[in-house]
Amino acid sequence: MNLKLSIVNYPLTILLLLFFTLPLKAQVTIGAQKAPHSYSVLELESTKGGFRLPMLKTSERDALNLTADSTEASGLFIYNTDIDCVEFWSDGKWIDLCSATPAGSIVNSITLTSAAGTDAQTVCGNTAITPVIYATTGATGATVVGLPAGVTGSWDAGVVTISGKPTTSGNYIVVLTGGSGSGMAIGTITVNTAPKLTISGNNGVVKNATTTYSVTPISGVTNYTWTVSGTDWSIVSGQGSNSITVTSGDANGTITVTAINSCGTGTASMDVKVGCPVKTTSGSWLTFMCYNLGAATAVQSLTPAQQAAYTNPDANYGDLYQWGRQADGHQLRSTAAVNGGSTSRDISYDSNSQIPDGDEWYGVPVYFTGGAYDWHGNGASPNDNLWNFTLYPENNPCPSGWRVPTQAEWGSIFQGGITSSAPGNATANTWTWNGSNTHGYLIKPSGSSEPTLFLPATGLRVNSSGQLLDMNAAGYYWTSMAYNTNSYNLYFTSTLVGTGYYNTRAYGFSIRCIAE
């Protein structure tokens, strides 16, 4: 829309005479009998017409030969008949009042000239996009920002071209430079990849459990192929969908899913341990072996409740181990060597004997007279990493896929943290003392109908003598964590559970392995 300047309807000749033939000495009002305002040199009033500026073509305007140095012309007004708009001279250039841009400049613009939709493409990773092409006017260059990796933008003779093989998705902006205006364009490049699958679900279950496993739905995938391996494992329902229900077998199994989209095939697997899962204070689950390391084969097939009712506690206890020892050849009590009642369970020992570091075990604990008992013979500077299974995988006493729990893991199934309290104060699981047959704790997760873990009160081997104490009265279970020259252990009696105890490493305690 053209700007219209309203001026009085007196003839131009009268106005010119007033300006150039009369020596005005004061403020003047033309068209009304009143004094002008204090801020006005000249006021024009009319209800019948306006004031018409000089009418010049662009060529006639340019013939005035004004330059950037023509500062004395600042404020000069004309009406440009070529663009049908008022222009004025300011800051060394003509400005038109219709667009408020320097006179003679071209408003820049940008237009998509490649096929419709090429500015919003979806491709597979490392696949060339259809080149995105923009034509421009009035610009002297262009900058493209936000392009995904593998894609570039170029400018040539007024044309912007975007091309390449993207590896990631991204939104881009084309910004024009030069000319007037603020021409720009935006676009999107979306990269799809072969399905990336992660199976969700418990990686530890009891045998014959019914459990759900799933993957996050992926755009473009219409079928998910699931397989399960392991003795007596089976898929109950959900084949073809992103979620299945599985019945576990008697031993560990593996769940695998495969999905295909236009960009390729994705596969994921999860190894599931068949053991004794219990809840943690955070609501997650941990899966322990259902029996102590070294327990008789017969015990390994019993449920936690059956273990508690087992009439042969000796077979239920498993072996006792010094902290940091391997399993083979270093246990303090072999079930084959333990017979009789509670007073005759001891393997023969000599309280004064000392076995030099490096000798074979032979069922007798190493004895040190120093303040820090450590079977490894390092005195006050023991090796704290013997059960760091990343550094020493060969020291892991547990079978493949299992390891010694950390102190935090023992704590998480009771109250969390380093805690000593009555068993009735447990949070995630209920700890119930079993005082007949095999003594110990039956642990039942909240919401479960049956206990899922049983920890027998195995007693211990004394560090200085090898004597067997506290059977059926207390349980001592190692963690993999060192504490100063000692190491953490779980300790419990019928009235107390402590997850932050620590003892010297030559003691013989039980091991209950946890799934890796």
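Quick notes on this structure:
- If only residues of segment 246-270 that are over 15 Å from Lys196 (Cβ atoms), loosely packed, with under 15 Cβ neighbours inside 10 Å and not small (Gly, Ala, Ser) are counted, the one that is modelled with the highest pLDDT is Thr254.
- The residues listed here are Thr118, Thr152, Thr161, Thr177; of these, the one that is exposed (fewer than 15 other Cβ atoms within 10 Å of the Cβ) and over 30 Å from Thr67 (Cα atoms) is Thr152.
- The sole residue among Leu469, Leu490, Leu453, Leu442 that is under 23 Å from Asn316 (Cα atoms) and over 37 Å from the mean Cα position of the chain (by Cα) is Leu469.
- Any chance Leu112 is more than 42 Å from the chain's Cα centre (by Cα) and of a type in the set (A, V, I, L, M): no
- Extreme residue, farthest from the chain's Cα centre (by Cα), among residues of segment 457-466 that are of a type outside the set (S, T, N, Q) and within 18 Å of Pro397 (Cβ to Cβ): Arg461
- Strands (runs of 3 or more DSSP E) fully within segment 430-512 that include at least 3 residues being surrounded by 23 or more Cβ atoms within 10 Å (Cβ to Cβ) and at negative phi: 453-456, 475-483, 486-492.
- Cβ pairs under 6 Å, 6+ apart, first in segment 263-274 and at positive phi, second surrounded by 17 or more Cβ atoms within 10 Å (Cβ to Cβ): Gly264/Ala194
- Subset of segment 378-429 (residues that are assigned to a helix (DSSP H, G or I) and closer than 26 Å to Ala251 by Cα): Pro393, Glu394, Asn395, Glu409, Trp410, Ser412
- Residues in segment 180-197 that are surrounded by fewer than 19 Cβ atoms within 10 Å (Cβ to Cβ) and small (Gly, Ala, Ser): Ser180, Gly181, Ser182, Ala194.
- Residue check, Ala422 touching a His at 6+ places or on another chain (Cβ under 7 Å) and of a type in the set (A, V, I, L, M): no
- Residues in segment 273-320 that are assigned to a loop (DSSP other than H, G, I, E, B) and of a type in the set (Ser, Thr, Tyr): Thr280, Thr281, Ser282, Ser284, Tyr291, Ser301, Thr303, Tyr310, Thr311.
- Exclusive hit being modelled with pLDDT under 90, over 28 Å from Tyr310 (Cα atoms) and in contact with a Gly (Cβ under 9 Å, 6 or more places away or on another chain), set Thr390, Thr485: Thr485
- Scanning segment 125-139 for residues that are part of a loop (DSSP other than H, G, I, E, B) and touching a strand residue (DSSP E or B) at 6+ places or on another chain (Cβ under 6 Å) turns up Gly125, Ile129, Pro131, Gly138, Ala139.
- Matching residues, segment 258-287, being closer than 19 Å to Tyr213 by Cβ and of a type in the set (Gly, Ala, Ser): Ala259, Gly266, Ala268, Ser269, Gly275, Gly283, Ser284
- Residue list for segment 58-92, restricted to those being in a loop (DSSP other than H, G, I, E, B) and exposed (fewer than 13 other Cβ atoms within 10 Å of the Cβ): Ala63, Asn65, Thr67, Ala68, Asp69, Ser74, Gly75, Asp82, Asp84, Asp91
- Residues being farther than 30 Å from Val191 by Cβ, free of Cβ contacts under 8 Å to residues at least 60 places away in the same chain and part of a loop (DSSP other than H, G, I, E, B) - total across segment 241-255: 4
- Cβ separations smaller than 7 Å between residues 6+ apart or across chains give the following pairs from segment 108-137 residues that are closer than 21 Å to Ala157 by Cβ and modelled with pLDDT of 95 or more to residues that are of a type in the set (D, E, K, R) and buried (at least 17 other Cβ atoms within 10 Å of the Cβ): Leu112/Asp119; Val132/Asp119.
The values are calculated or read from the model by the stated rules, or taken from the named source; none is laboratory data. Just so we're clear, the structure is a prediction, and the values are computed from it rather than from any experiment. Heads up, the Cβs are rebuilt from the backbone with ideal geometry, glycines too, and the neighbour counts pull from every protein chain shown.
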